[in-house]
Amino acid sequence: MATAVETKNTIKGGEFLIKETRAQAIFIPEEFNEEQRMIKQQCEDFLAKEVTPRLNDIDSMKDPKIMPSILDKAGELGLLGTSVPQELGGFGMDFNTTMLVAEVIGAGHSVAVALSAHTGIGTLPILYYGNDTQKKKYIPKLATGEWKASYCLTEPDSGSDANSGKTKAVLTADGKHYLINGQKMWITNGGFADVFVVFAKIDNDKNLSAFIVEKTFGGITMNEEEKKMGIKGSSTRQIFFNDCKVPVENLLSERENGFKIAVNILNIGRIKLGIAAIGGSKATVSQAVKYAKERKQFGVPLATFGAIKHKLAEMTTKIFASESAHYRASQNIDDTYQALIATGLNSAKARLKSLEEFAIECAILKVHGSEVLDYVTDEGVQIYGGMGFSAEGPMDRAYRDARINRIFEGTNEINRLLTIDMLMKRAMKGSLDLMTPAMAVQKELMSIPDFGASEEEGLFVKEKKVLANLKKAGLVIAGAAVQKFMMKLSEEQEVIMSLADMLIEIYVAESVLLRVEKLISKQGEKECEIQKEMALVYLHEAVEKTAYSGKQAVYAFAAGDELRLMMLGLKRFTKIEPYNLKEARRKIANYIIEKGAYPF
């Protein structure tokens, strides 16, 4: 497959499938500067002082003021204004830094949900789509936490299909107000929010519009707090709008632009949720390894057993790989933003466009990050054993709180479907040339394989060939599925989700390999032995998962000679040399056990 090597600022969203990426072109977490590390420490101190000692009180919700007071404290520390420009009372941090804040706060359970809802879906629609008057009125107060924000999109009959919402807005006879009527549900921060971003259809419009609604406008009532499986400390209410009188100047952006606002804000939410899940995962591993070292069975610590070492190594490897992919993508977003600013585009439009460009990666990372967290918390419960099932231990809360992340910001099923849908739409528009490399792979399939040994030398040469072949597998199967189903591919959701799983594993496996390659170039191979082992373990597992997902897709649409040819191609493109994964995992686990916490 012909590939090109990108230079900084030229990579497009989704191009990882058809382009070779240089290790030096990506950002790795080890490159955070001193200021960013100080911000990280400030976030950790905030959790240690304001959140962790009060988790039981937060979850009980006996004091309805406890969460708003914690957000007040976060506002005092500047944690609510990280992405807000300085001229509007924030700190104007780059996207990577706001990601770092989201990661650390992600270990804060219900507080992480409340804070991210306020700073993300509550604040950003106004920041990115509001006019100057709206931004000057609302953003400074949201950045300090004086006003708390919420986001009202979901309705009883419209969840994933957000544009089907029934909430209506009607212009008053004098033309000065809109009267909003309707019901919203699952509204995070609903119980204490001062400002709501509300989505409704004006008259009989086809698409939603968005409004900035203050609680003081009146006509707003709500049910009692929802009783939830997890994140019990976050306020979640049903909200009813009954002739809620909203000034016309509080229409956000243009009429019928609400659905676009919702979609673009969700792009931000997805990658932020993914990295927050990684923050929660790191905290869970640290608790699990501490317990495994302290808890004794048969006279020795749990941490000495191979089965426990396997779990600790797998948990850590998945976290490390997912983190690599998140910061790779967030730096791509930042670089694209800077390139757009250089063309003269204003900051809000440049930020939205840069995020839209990498919407595929945002969807991939939401899925991966949330599923890593689910895996890690599940294994955390297992390591704790009986104490893992007890509400007295930390795994009870971690396990329950993790589950919502596969539903938030679009279910993981929806995000898998979106990944392939967006990729195909870009290919059809010509903004992403999938056809040329796909045709090249099909031609290669008909040729005799080259069994000659590679003469190239260097770090990860063989592994990069494996990755290149995984990309070929993804291209050839996706291409065959498109040819088979044409415009009806969208109806074949099982096939689409298998294709998405292939892309997810390819992107993450490449990301962790590139991270370790760059790290070795800075620190030397000896200093990065454990990171290298994690990259190899993840790659081997990604090959297996890609092969499995590929088979599921091919079995669904191919038969006869076509099936045999596709399976031969899949087998050819999902090969990797044997490696002692048990020993690799033991090295990883021993290092983690020695450090006593997630160490990277």
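Where a number appears in this text, it was derived from the coordinates with a stated rule and is not lab data. If you're wondering where the values come from, they're calculated on a predicted model, not measured in any experiment. As a convention, Cβ positions derive from the backbone with ideal geometry for all residues, glycine included, and neighbour counts pool all protein chains shown.
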Over the Cα atoms of the range 433-595, compute the convex hull volume and normalise it per residue, giving Å³.
-> 140 Å³
What angle, in degrees between 0 and 90 and rounded to the nearest 10, separates the Cα long axis of helix 34-46 from the longest principal axis of the Cα atoms of the chain?
-> 60 degrees
Relative to the longest principal axis of the chain, what angle (0 to 90°, nearest 10) does the C-alpha long axis of helix 412-429 take?
-> 80 degrees
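Report the charge-dipole magnitude of the range 433-595 in Debye, nearest 20, computed about the Cα centre from +1 at each Lys and Arg Cβ and -1 at each Asp and Glu Cβ.
On the way: 24 positive and 25 negative charges, 38 e Å.
Here the size comes out at about 180 debye.
Can you tell me the FRET efficiency between L563 and D433 if r is taken as the Cβ-Cβ distance and R0 is 30 Å, rounded to the nearest 0.05?
That gives a FRET efficiency of 0.60.
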Among L80, T304, L568, pick out the residue whose Cα is farthest towards the positive end of the charge dipole of the chain, where Lys and Arg carry +1 and Asp and Glu carry -1 on C-beta, about the Cα centre.
-> T304
Please tell me the relative contact order of the range 433-595 in percent, rounded to the nearest whole number, where contacts are Cα pairs under 8 Å and at least six residues apart.
-> 29 percent
Find which of Q531, L459, L434 sits farthest along the positive direction of the dipole of the range 433-595, computed with +1 on the beta-carbon of Lys and Arg, -1 on that of Asp and Glu, about the Cα centre.
-> Q531
Rounded to the nearest 0.05, FRET efficiency between M486 and S447 (Cβ-Cβ, R0 22 Å) equals 0.25
For the range 111-227, percent of DSSP beta bridges that are antiparallel (nearest 5) comes out at 65 percent
Tabulate in residue order the Karplus-calculated ³J(HN,Hα) for the range 163-174, using 6.51 cos²θ - 1.76 cosθ + 1.60 with θ = phi - 60°, rounded to whole Hz; enter x for Gly and Pro.
-> 6, 8, x, 9, 4, 10, 10, 10, 6, 6, 4, 7
Amide H contacts of L459 (H built 1.01 Å from N, under 5 Å, at least 5 apart or other chain) = none
Rounding to the nearest 20 debye, state how big the charge dipole of the chain is about its Cα centre with +1 on each Lys and Arg Cβ and -1 on each Asp and Glu Cβ.
-> 400 debye
Taking K260 as the anchor, which aspartates and glutamates have their alpha carbon closer than 16 Å to its alpha carbon, excluding any fewer than eight residues away along the same chain?
-> D161, D205, E356, E357, E409
In degrees rounded to 10, the 0-90 angle between helix 581-595 Cα long axis and the longest Cα principal axis of the chain is 50 degrees
How far apart, in nm, are two points set 7 Å out from the Cα along the Cα-to-Cβ line at E256 and at F305?
-> 6.3 nm
In sequence order, calculated HN-Hα J values of the range 75-91 (Karplus, 6.51, -1.76, 1.60; Hz; x Gly/Pro) | x, 4, 7, x, 6, 9, x, 4, 9, 8, x, 4, 5, 10, x, x, 10
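Taking a 28 Å limit on the Cα-Cα distance, which of the listed pairs K349/K464; K49/K282; K349/K429; K464/K484 fall beyond it?
On the way: K349/K464 36 Å; K49/K282 19 Å; K349/K429 22 Å; K464/K484 30 Å.
Cα-Cα > 28 Å for K349/K464; K464/K484; rest within.
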Most to least packed among 72-82, 534-544 [average Cβ atoms within 10 Å] | 534-544, 72-82
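Which shape class applies to the range 268-373: rounded if a/c is under 1.5, otherwise prolate when a/b exceeds b/c and oblate if not, where a ≥ b ≥ c are the square roots of the Cα gyration tensor eigenvalues?
Judged from the Cα gyration tensor, the range 268-373 comes out prolate (a/c at least 1.5, a/b above b/c).
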Residue-wise, which Karplus ³J(HN,Hα) couplings in Hz belong to the range 516-529, taking 6.51 cos²θ - 1.76 cosθ + 1.60, θ = phi - 60°, and x for glycine or proline?
-> 5, 4, 5, 5, 5, 5, 8, 10, x, 5, 4, 6, 10, 4
